[in-house]
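Student: Got a structure for you, written out below as structure tokens; questions coming shortly.
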Amino acid sequence: MTAPIYSRRGAREPTVEPIPIRLYGIARESIVDGPRLRFVVFTQGCPHRCPGCHNPGSHDPAGGFDSDVAKIFAEYRKNPLLRGITFSGGEPFLWGHALAALGRAVRETGGDVMVYSGWTYEQLLVKAESESGVRELLEAANYLVDGPYIAEQRDLSLQYRGSRNQRILDVTCYPNSTRAAVVEFDRSGRAREVKNESPPV
């Protein structure tokens, strides 16, 4: 698995185009949406509308507010303690092109990228064959939390996810391979492969 690089001293700041995006909200500091201290972007619009969703206000594509990824990246860069960014929602893959540009910039400056999706990894691989935004965001991501929230499988003991059907996947293999590893994070925030879980094919 690819370990994220957290410091690139002297690296030139990446240029991020002001690609428009519609947001439900932003959390500038979070320790519950992925490993270590993270900046969280909640996108607006979701086709899954899972019963019991934590953010039901994010479902309506006409809700939320307008922003752009250059502004979001500028906000992210204000805090040197951040170790990465998380895309949640809403359904982030509806905004794949915009979030991929943001994710690439975060990775260029040493952070990692976690993406939540109501689609499974296998469904996203199929969508990526015909939808460039899905493909771009999969390529930009380090980690994917996949699958819809299922209230009947709710489990408060799970790490960074709400129901037992959901997985944390290291997707840094994509697009060279689709065999993403199922992972958990240790106390330091480092990803460790879960040995008793078969990787998706």
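Student: If I ask for residues that are assigned to a loop (DSSP other than H, G, I, E, B) and either touching a strand residue (DSSP E or B) at 6+ places or on another chain (Cβ under 6 Å) or at pLDDT below 95 (or both), which ones from the stretch 106-124 would you list? Talk me through it step by step, then tell me what you get.
Tutor: Within the stretch 106-124, the first condition is being assigned to a loop (DSSP other than H, G, I, E, B), and the residues that meet it are 109-111, 117-120.
Within the stretch 106-124, G111, S117, T120 meet the criteria.
Student: Here's another thing I want to ask about it. For the condition surrounded by fewer than 21 Cβ atoms within 10 Å (Cβ to Cβ), within 25 Å of N165 (Cβ to Cβ) and not aromatic (F, W, Y), what is the one hit in E29, E122, E75, E91? Show your work before the answer.
Tutor: On the way: E29 fails: within 25 Å of N165 (Cβ to Cβ); E75 fails: within 25 Å of N165 (Cβ to Cβ); E91 fails: surrounded by fewer than 21 Cβ atoms within 10 Å (Cβ to Cβ).
So the residue among E29, E122, E75, E91 that is surrounded by fewer than 21 Cβ atoms within 10 Å (Cβ to Cβ), within 25 Å of N165 (Cβ to Cβ) and not aromatic (F, W, Y) is E122.
Student: Something else now. State whether the residues of the stretch 50-59 include one that is more than 19 Å from R104 (Cα to Cα), surrounded by 14 or more Cβ atoms within 10 Å (Cβ to Cβ), in contact (Cβ under 8 Å) with a residue 40 or more places away in the chain and hydrophobic (A, V, I, L, M, F, W, C).
Tutor: Yes, the conditions are met somewhere in the stretch 50-59.
Student: Moving on to the next point. Out of all the residues in the stretch 178-193, which are part of a loop (DSSP other than H, G, I, E, B), within 15 Å of G34 (Cβ to Cβ), in contact (Cβ under 8 Å) with a residue 40 or more places away in the chain and among the small types (G, A, S)?
Tutor: Looking only at the stretch 178-193, we keep the residues that are part of a loop (DSSP other than H, G, I, E, B), and these are 178-180, 186-190.
Retained after the next criterion (residues that are within 15 Å of G34 (Cβ to Cβ)): 186-190.
This time we only want the ones that are in contact (Cβ under 8 Å) with a residue 40 or more places away in the chain, so: 189-190.
The one that is part of a loop (DSSP other than H, G, I, E, B), within 15 Å of G34 (Cβ to Cβ), in contact (Cβ under 8 Å) with a residue 40 or more places away in the chain and among the small types (G, A, S): G189.
Student: Right, something else. Within the bounds of the stretch 93-103, is there any residue that is closer than 20 Å to P51 by Cα and touching a strand residue (DSSP E or B) at 6+ places or on another chain (Cβ under 8 Å)? Before you say what the answer is, go through the steps one by one.
Tutor: From the stretch 93-103, those closer than 20 Å to P51 by Cα are 93-94; that's our starting set.
With touching a strand residue (DSSP E or B) at 6+ places or on another chain (Cβ under 8 Å) added as a condition, the list becomes 93-94.
Within the stretch 93-103, one or more residues are closer than 20 Å to P51 by Cα and touching a strand residue (DSSP E or B) at 6+ places or on another chain (Cβ under 8 Å).
The values are calculated or read from the model by the stated rules, or taken from the named source; none is laboratory data. Since we're looking at a predicted model, the values are computed, not measured. With ideal geometry, Cβ positions are generated from the backbone for all residues, glycine too; neighbour counts draw on all protein chains shown.
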